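J.: Quick one: this structure, given as structure tokens, is what I'll be asking you about.
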Amino acid sequence: MSSSITHSLLSRELVRLNASPVDKQQAIDEAAQLLIAGGCVEPAYAASMARREAVANTFLGHGVAIPHGLGEDRHLVRRNGVAILQVPGGVEWNPGQRAHLVVAIAAQSDAHLAILRRLTRLIQDEATLAQLATTDDPQALIAAFEEDRIAVADSAPAADLAEAFVWTVGYPAGLHARPAARWVEAARAHASRVQVRNGDEVADAKNLVALLQLGAKAGDQLNISAEGRDAAAALARFRSLIDSLIAQEKADAALAARRAAQPKTPGWTPPEQLVCIAGIAASPGLAIGVVHRLTADEAPIADHPTPLAEGGTRLHEALCATRQQLTALADDTARRLGAADAAIFKAHGELLNDTDLITLTCQLMVEGHGVAWSWNAAVERMAAKLSALGNAVLAGRAADLRDVGRRVLANIDPALARDTLAALPDACILVAADLSPSDTATLDPLKVIGLATGQGGPTSHTAILARTLGLPALVGGGAALLDVAEGTSAIVDGSGGCLYLNPSPAAIGSARAWIAEQAAVRAREAESRSQPAVTVDGHAVDIGANINLPEQAAMALEQGAEGVGLMRTEFLFLERASTPSEDEQHAIYVAMAQALGGRPLIVRALDIGGDKQVAHLDLPHEENPFLGVRGARLLLRRADLLEPQLRALYRAAQDGAQLKIMFPMITSVPEILALRAICERIRIELAAPFVPLGIMIEVPAAAIQADVLARHADFFSIGTNDLTQYTLAIDRQNPELAAEADSLHPAVLRLIRLTVEGAARHGRWVGVCGGLAGDPFGAALLAGLGVQELSMTPREIAAVKSRLRGSRVDALRTLAERALACETAAEVRALDGAAS
Ligand code: PEP
Ligand code: MG
């Protein structure tokens, strides 16, 4: 948006007073003519507006109608604009509904939302509306709309979609939600319109639902075109992005095919005939437990009418809060489970931008319904429409839409938050009509041992997440599944796709034996994971896990972690609507320390800012948040955030927690001194024990001055994600530069070397908790550079340990020297395999 021009939507030539169309069709025509004459739309837009009337009701209420073109005809919009046809005598819109103000909208997706928000506020002011319906002052109408300065992004002046290319879908699974969300992101990065056509179907590339509705399959020929000032550049970048996704899509498809071909891993065969509900195998493994039915929360949403202005604001705030939560969930999922799983929640975020959904909600509110009821009804209607298209991929998206819908509901009214997963019995097999991806991602694997859903397919997001979590699961079990009584004893076979009911003791014994056999295999694997990371010639490297919650500790230890090298505490803030209290934080830190049973724990003080924005803190908007008030800079400005956290940590230390505190984004000595002074004051106030205070090395300034900073810090942990971003001047979130943001760049490695040398001068130790630590080759290099501790995502531990255990430290040192002498990251990478 920031690169777009902004301008107001209404001008004198877009207002026509005192019109008297004979009917609705004429009213729409006249309003369309205003938009055409004002240069907002192509002439064909008038027909599109008429077509929309045939499929949707555009009467907003209170004498206001909002005709606009069909979503797929957005390419006919030249610039955002609103035309107003004032009809003092009114014109019948629908039986019993008369329009006095016909507000014709020409808008790109985001602009549409802004206009509707303004209208929902205006519409509750009936006195003003009555005046506007008869005023002879066009300026009064303009002012009513301009009051809030609805300045919205304008697509650049347009011609036809001048730049175009044909692209054959090279994604084996077609254009599904995850790549489509990347397309939307890429299209939105430009002011120009980007359009995708599949046969007769056209979609605005900035709208996820529209893209999915193209139903583009592998091999389909898409016509991709753009218009606007930067059309050529936009199209070139767009093309390189969509091409760049092919490799990943192919790899994902190959993996899926391998998995499909593989399940012949000797599955379990019951020793006797058992009652079985057959479904589709979604995630391999066997689990014995009792059924816990997750009844879809079908309690009707109460309809509490709210004043429109208030409803509009609550909806807007709930949408913003949901966006933030989904970003946090995507971020947390990326760090815990991996980028591919996280993309699910990025795609969810896009669903919130669907203008039809917002329009429908606003219409229902204007009709007098409450905001929660209206939102829920709109989501249900849209989801039903997607399911009815008879396309499996779109049906899957209906589940996603309902999932996102529920999140928004909980943000509109916390009482509507579903808490169905809160009180689960131990060792249960969760049986549900469907399970949302966000519920699946946050399941407690200690309580839930298997899943069985009536709907969904093996490619549903829930199935993907179940595989990542290692939970046996079947999907598509049909209605029979929903008749299974709560508490029924059952065996879920995620490899064979069966839920066996009321198994006999013999069957349970046989299943147990099979599980024990599998467990023995896993134990042998775990055995090697649990060995220390000691090189062949006896050099030990400490291995930690990057986890955020006490519940994740058992899994991390099982994966071979020797402690926690990075607990990102901002996630305690990001996933909720308010700041956790000192007591709540204290309880979490104590629980984490207890779960680790005395093993090392490094808690990082809040690292907010940059890509981690916490909605409820209402921090000022920054043009370049990565270069702004983030990390330690924010902590030093916000005692209200820092001090309760430090008190919670020192109280945990007083209760016996073995922990270290680490501060993010340090750039200078005064920052450390100031933070140390605050820590010391709090420690003395609480009479708490000494706690080592370390800093993250994430900016080149800190690495270069490491020898000085080391005087004042007890340890260093290098955040290679940020250190790479700041060293190479590449925004870590920029997908186009992702391949170049390589932590193996020799410049980054040289800064790591400087850090290790600086620390050594004062006898400090250095760890790495950024992504490079979890890459086996990166880990080998870091050990060679003299790093003593590596902390990573738990699932990466086994491979890193195995690499280090197979290496000689002198070879690693030589490897490091050679890497430092390389000219490029590619040269460094080419050393992989050369020495270990
Ligand atoms: C890093 O920057 O490498 C790091 C570990 O911190 P985060 O990814 O949380 O910014
Ligand atoms: Mg960082």
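The values are calculated or read from the model by the stated rules, or taken from the named source; none is laboratory data. Computed from a predicted structure; not experimentally measured. Cβ atoms come from the backbone with ideal geometry, glycine included; neighbour counts cover every protein chain shown. Just the protein is used for accessible areas: all its heavy atoms, side chains included, with ligands, DNA and RNA removed. Shrake-Rupley method; radii C 1.70, N 1.55, O 1.52, S 1.80 Å.
J.: Checking the condition away from ligand 2 (no atom under 16 Å from the Cβ), more than 27 Å from GLU823 (Cα to Cα) and either open to solvent by 20 Å² or more (accessible area, probe 1.4 Å) or of a type outside the set (Ser, Thr, Tyr) (or both), which residue from ARG750, ARG711 passes?
T.: Within the list ARG750, ARG711, the selection yields ARG711.
J.: Additional query: Only one residue in ARG808, ARG829 is surrounded by fewer than 18 Cβ atoms within 10 Å (Cβ to Cβ), over 20 Å from MET662 (Cβ atoms) and more than 35 Å from the chain's Cα centre (by Cα), so which one is that?
T.: ARG808
J.: Right, next: Which fully enclosed helices (runs of 4 or more DSSP H) of region 525-605 have 3 or more residues being at pLDDT 95 or above and in contact with a strand residue (DSSP E or B) (Cβ under 8 Å, 6 or more places away or on another chain)?
T.: In region 525-605, the matching helices (runs of 4 or more DSSP H) lie at 582-596.
J.: Right, here's the next one. Where residues in region 709-732 are within 13 Å of ligand 1 (Cβ to nearest atom) and under 11 Å from GLY694 (Cα atoms), which of them is farthest from the chain's Cα centre (by Cα)?
T.: Checking each candidate, the answer is PHE716.
J.: Of all residues in region 575-629 being within 21 Å of the chain's Cα centre (by Cα) and among the hydrophobic types (A, V, I, L, M, F, W, C), which is farthest from ligand 2 (Cβ to nearest atom)?
T.: Checking each candidate, the answer is ALA577.
J.: Residue by residue through region 453-486, note down the ones that are at pLDDT 90 or above and either assigned to a loop (DSSP other than H, G, I, E, B) or among the basic types (Lys, Arg) (or both).
T.: Answer for region 453-486, where residues must be at pLDDT 90 or above and either assigned to a loop (DSSP other than H, G, I, E, B) or among the basic types (Lys, Arg) (or both): just PRO472.
J.: Right, something else. Out of all the residues in region 727-742, which are open to solvent by less than 50 Å² (accessible area, probe 1.4 Å), touching a residue at least 24 places away in the same chain (Cβ under 8 Å) and not acidic (Asp, Glu)?
T.: Listed by number, the list holds a single entry, THR727.
One line per residue, one yes/no per condition, for (1) surrounded by 22 or more Cβ atoms within 10 Å (Cβ to Cβ); (2) touching a residue at least 60 places away in the same chain (Cβ under 8 Å); (3) within 27 Å of GLY538 (Cα to Cα); (4) touching a Ser or Thr at 6+ places or on another chain (Cβ under 8 Å):
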position: GLU680; (1), (2), (3), (4): no, no, no, no
position: PHE716; (1), (2), (3), (4): yes, no, yes, yes
position: LEU744; (1), (2), (3), (4): yes, yes, yes, no
position: GLY767; (1), (2), (3), (4): yes, yes, yes, yes
position: LEU772; (1), (2), (3), (4): yes, no, yes, yes
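J.: Starting from region 211-225, take each residue that is free of Cβ contacts under 8 Å to residues at least 60 places away in the same chain and list its partners that are crowded, with 20+ Cβ neighbours inside 10 Å and β-branched (Val, Ile, Thr), counting only C-beta distances under 6 angstrom and pairs at least six apart or across chains.
T.: ALA216/VAL169; ALA218/VAL169; ASP220/VAL169; LEU222/VAL196
J.: Please determine, by comparing only the residues of region 487-507 that are in a helix (DSSP H, G or I) and open to solvent by 30 Å² or more (accessible area, probe 1.4 Å), which one is farthest from THR295 (Cα to Cα).
T.: Within region 487-507, the match that is farthest from THR295 (Cα to Cα) is ALA506.
J.: Given (1) surrounded by 17 or more Cβ atoms within 10 Å (Cβ to Cβ); (2) outside any helix (DSSP H, G or I), where does GLY763 come up short, assuming only one miss?
T.: Answer for GLY763: the failing condition is (1).
J.: Additional query: State all residues of region 685-708 that are more than 19 Å from GLY767 (Cβ to Cβ) and buried (at least 19 other Cβ atoms within 10 Å of the Cβ); if no residue qualifies, say none.
T.: Once the filter is applied, which keeps residues that are more than 19 Å from GLY767 (Cβ to Cβ) and buried (at least 19 other Cβ atoms within 10 Å of the Cβ), region 685-708 yields only ALA688.
J.: Right, next: Consider LEU790 against the criteria (1) out of contact with any Ser or Thr (no Cβ under 7 Å at 6 or more places or on another chain); (2) among the hydrophobic types (A, V, I, L, M, F, W, C); (3) farther than 24 Å from ALA605 by Cα: it satisfies all of them except one. Which criterion is unmet?
T.: The single condition LEU790 does not satisfy is (3).
J.: Within region 200-212, identify whether any single residue is surrounded by fewer than 23 Cβ atoms within 10 Å (Cβ to Cβ) and among the small types (Gly, Ala, Ser), and answer yes or no.
T.: Scanning region 200-212, I find no residue that is surrounded by fewer than 23 Cβ atoms within 10 Å (Cβ to Cβ) and among the small types (Gly, Ala, Ser), so the answer is no.
J.: Write out, first by first residue and then by second, each pair whose Cβ atoms fall under 6 Å of each other, whose residues are 6+ apart or on separate chains, and whose first residue, in region 559-575, is at positive phi while the second is open to solvent by less than 10 Å² (accessible area, probe 1.4 Å) and within 16 Å of ligand 2 (Cβ to nearest atom).
T.: These pairs meet every condition: GLY563/GLY544.
J.: Considering (1) loosely packed, with under 13 Cβ neighbours inside 10 Å; (2) touching a Lys or Arg at 6+ places or on another chain (Cβ under 9 Å), say which one ILE543 fails and leave the rest.
T.: (1)
J.: In addition: So, in region 759-809, how many residues would count as being in contact with a Pro (Cβ under 6 Å, 6 or more places away or on another chain) and of a type in the set (A, V, I, L, M)?
T.: Count: 2.
J.: Moving on. What residue, among those in region 630-680 that are touching a strand residue (DSSP E or B) at 6+ places or on another chain (Cβ under 6 Å) and closer than 19 Å to LEU617 by Cβ, is farthest from ligand 2 (Cβ to nearest atom)?
T.: LEU634
J.: Under 8 Å by Cβ, and 6 or more places apart or on different chains, what pairs join a residue from region 11-40 that is within 21 Å of THR134 (Cα to Cα) and hydrophobic (A, V, I, L, M, F, W, C) with one that is in a helix (DSSP H, G or I) and open to solvent by 70 Å² or more (accessible area, probe 1.4 Å)?
T.: Partner pairs satisfying both residue conditions: LEU34/GLU13.
J.: Another question, if that's okay. Out of the strands (runs of 3 or more DSSP E) lying entirely within region 25-130, which hold 1 or more residues that are aromatic (Phe, Trp, Tyr), at pLDDT 75 or above and farther than 23 Å from GLU310 by Cβ?
T.: Once the strands (runs of 3 or more DSSP E) in region 25-130 are filtered for at least 1 residues that are aromatic (Phe, Trp, Tyr), at pLDDT 75 or above and farther than 23 Å from GLU310 by Cβ, what remains is 81-94.
J.: What number of residues within region 794-820 are in contact (Cβ under 8 Å) with a residue 60 or more places away in the chain and either assigned to a helix (DSSP H, G or I) or not assigned by TED's automatic domain parsing to the domain that holds ASP542 (or both)?
T.: Of the residues in region 794-820, 15 are in contact (Cβ under 8 Å) with a residue 60 or more places away in the chain and either assigned to a helix (DSSP H, G or I) or not assigned by TED's automatic domain parsing to the domain that holds ASP542 (or both).
J.: Now a separate question. Quickly run through region 728-745 and pick out the residues that are within 13 Å of ligand 2 (Cβ to nearest atom) and either in a helix (DSSP H, G or I) or at pLDDT 90 or above (or both).
T.: SER743, the sole residue that qualifies.
J.: Quick check on GLY774: is it on the phi > 0 side of the Ramachandran plot and touching a helix residue (DSSP H, G or I) at 6+ places or on another chain (Cβ under 9 Å)?
T.: no
J.: State all residues of region 289-328 that are of a type in the set (A, V, I, L, M) and open to solvent by 40 Å² or more (accessible area, probe 1.4 Å); if no residue qualifies, say none.
T.: Result: VAL290, ALA296, ALA299, ALA302.
J.: Assess whether GLY312 counts as being under 30 Å from LYS206 (Cα atoms), outside the structural domain of ALA189 (by TED's automatic domain parsing), modelled with pLDDT under 90 and more than 24 Å from the chain's Cα centre (by Cα).
T.: yes
J.: Would you check if PRO670 is without any contact (Cβ under 8 Å) to a residue 40 or more places away in the chain, more than 35 Å from the chain's Cα centre (by Cα) and more than 16 Å from ligand 1 (Cβ to nearest atom)?
T.: Answer is yes for this residue.
J.: Is it the case that ALA702 is assigned by TED's automatic domain parsing to the domain that holds VAL564, within 16 Å of ligand 2 (Cβ to nearest atom), assigned to a helix (DSSP H, G or I) and not acidic (Asp, Glu)?
T.: When the stated conditions are applied, ALA702 passes them.
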